[in-house]
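Derivation of every value follows stated rules applied to the coordinates shown; laboratory data play no part. Values in this document were obtained by computation on a predicted structure and should not be read as measured data. Cβ coordinates were reconstructed from backbone atoms using ideal geometry, including for glycine residues, and neighbour counts include every protein chain displayed.
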Amino acid sequence: MRATKSPRKGLRRSAARRSSSVSRPASITDVRGADVRRDIGGVRLEVGRAGEGRVKRMVYPPGYKWSVDTKPHVGTDYCMHAHVGFLVQGRIDVIYSDGCVEVFEAPQVVAVAPGHDGHVVGGESAVLIEFDFEGDTAARFGMPDAHRHE
């Protein structure tokens, strides 16, 4: 159930918020303010612009594995995107090409360098709220352009 507050005197609601006169709980398939909604390799992706960046909600289904479900759609051996955000639900294990493993279990901040595979662990979907700058995410967040041991 979503808690809502009345706007303070003198503050205006955004147009997106004003357009909805009926309050309803958020669901896996409905995010207000998303400009793009699509499914890629079984992942539900909802994207909204925020200045020069994007805010995304990514819903990975139980059993999802990047190398099986998404790799055929992108044509690279590993996911070459950096991921920065907050894991709201579920668990995701990330495996880098050198064998290093990172485990993310909600609720947890997520920062993943490019060059990884990943999979959902357990019987529930993993829900990640992600912030990115498309191909420039790693640089904009001051992350390495690939996984390294320093």
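Considering the alpha-carbon set of the stretch 40-140 alone, what are its Rg and its Dmax in angstrom?
12.6, 36
Nearest 20 debye, what's the magnitude of the dipole of the stretch 58-150 about its Cα centre given +1 on Lys and Arg Cβ and -1 on Asp and Glu Cβ?
Dipole magnitude for the stretch 58-150 comes out near 120 debye.
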